[in-house]
1. Let me spell out the model: positive unit charges on the Cβ of Lys and Arg, negative unit charges on the Cβ of Asp and Glu, origin at the Cα centre of segment 32-156. What dipole size does that give, in debye rounded to 20?
2. Divide the volume of the convex hull of the Cα atoms of segment 69-140 by its number of residues and quote the answer in cubic angstrom per residue.
3. Charges on Cβ only, +1 for Lys and Arg, -1 for Asp and Glu, centred on the Cα centroid of the chain; of ILE370, LEU307, TYR42, which one is farthest towards the dipole's positive end?
4. Magnitude of the Cβ-charge dipole of the chain, K/R +1 and D/E -1, about the Cα centre, nearest 20 debye?
5. Counting pairs of alpha carbon atoms under 8 Å apart in space and at least six apart in sequence, what relative contact order in percent does the chain give?
6. In the structure shown, do any of LYS351/LYS400; LYS171/LYS328; LYS171/LYS385; LYS123/LYS233 have a Cα-Cα gap over 29 Å, and if so which?
Amino acid sequence: METKPYTLPASFIDLLIDAVFAVDVDGRVLFASAACERIFGYTPQEMLGRVMFDMMVPQDRERTRQSVQQVMAGQPQLNFENRYIRKDGQIAYIMWSTRWSPPDQVRIGIARDVTQRKRAESKQAVLYAISEATSTAEDLPTLFRNIHQIIGTLLAVDNFTVALYDQESNKLSFPYHIDTMSETCIPVSALCEEVILNGQPLLLTSENMQDYLTEQQIPSHNVPLCWLGVPLKSQKGTIGVLACKSYPGGARYNEQDQELLQFVSTQIATAIERQQMQARLQYMAQYDQLTALPNRALLYDRLNVALLKARRERGHLSMLFLDLDKFKQVNDTLGHQVGDRLLQEVARRLKQCLRESDTVARVGGDEFVILLQPIPLPEHAALVKEKIRDALRPPISIDKHSLSIVPSIGIAHYPDHGDNEEQLLKYADQAMYAEKHGRPPQTLTAELGLTP
């Protein structure tokens, strides 16, 4: 028995839960069923002529274009998912089944709204992603970039800010701030301060934003469509704010978005604190706590890298070993507090004498080592030595005491005075003591068995 072809009546298509679309090669809508209004918020008439990519969340466009190319190459796509901005500004997660019709030169797609399922799945996936980002991020800037990308799987966050609050100094900083508009529209700090002060999320929409800014006496221009901020809370209290905003034509945040951002904020706060603790521990391991200069361990690391480069490129580097004459008398007569402040001022003056590529480290009580690299000629180290003497010559005033500092400085050159860290440090150290006791450098060179 011959089977006759059957065409679904338009009235039946209009009753489908899923929306049916036909779009041309440019993604322009040629047909939309009645269900599109429930899913996208637009009537079928409003959809006609619209380009689907214009409605799509920007982060999903490139991936969708790749899928479209496969469809038009004759590979139907089943269960492809992306996100769209509804007419009301909300984000809708859509699952597509799509094929290409060569005779008609159109793509036929069936769209299913899977927003609720995706939100539930995304919440758990985001928690896992944040945990993984915490363990793999090398530093806070990397962690913030990762968090921005992770939050982007939940919300449309082209404009994203991480604000951190220091309770001791009562200061707010913005280590991560991405804004697609170059001009400031509203003072971000004022809104973040409000979130920190109240410890509660703040959601501003086109309906209530202007009234809120007027009430709070916050000046504004180019007011965005939405602003959403949630506090980052830990056991220590509120440590910062996560904030995102959208401009006209972008997504509109609602209370559900606020709940999502608040849901992940606790784990993000924990991740930030963990990264801050790691950064503090690393800093303590590499820097002198009194002067904030690199310590002996970090000096050795940098010296090792500099030596590898100098050997590879047949270059030069120089090392200065410096201590302060009669520093012990300052501690014994004026106290360690004055001595500490003296060391801090010496460290500040030493840093002013050097380039960014150089390193000055505190390796002992009043001992400092300066690594000059790269350095064209050994003679240039002598110029730096005199520059340091000039910088330390003016008296240092501490608690009404005027202290005159006289340094003893020894110099070692690579490769003349050693081929490794220990040899260079030993030569510079002994050269410093030779100068302190008025011995000529030729004597030291002979004693160490080096060729002058």
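1. Result for segment 32-156 is approximately 300 debye, rounded to the nearest 20.
2. Here the figure is 150 Å³ per residue.
3. LEU307
4. Numbers: 47 positive and 55 negative charges, 110 e Å.
The dipole of the chain has a size of about 520 debye.
5. The normalised contact order for the chain reaches 9 percent.
6. On the way: LYS351/LYS400 25 Å; LYS171/LYS328 39 Å; LYS171/LYS385 40 Å; LYS123/LYS233 18 Å.
Distance filter (> 29 Å) returns LYS171/LYS328; LYS171/LYS385.
Only the coordinates and a few stated rules stand behind these numbers; no lab work does. Just so we're clear, the structure is a prediction, and the values are computed from it rather than from any experiment. Backbone-built Cβ (ideal geometry, glycine too); neighbour counts: all protein chains shown.
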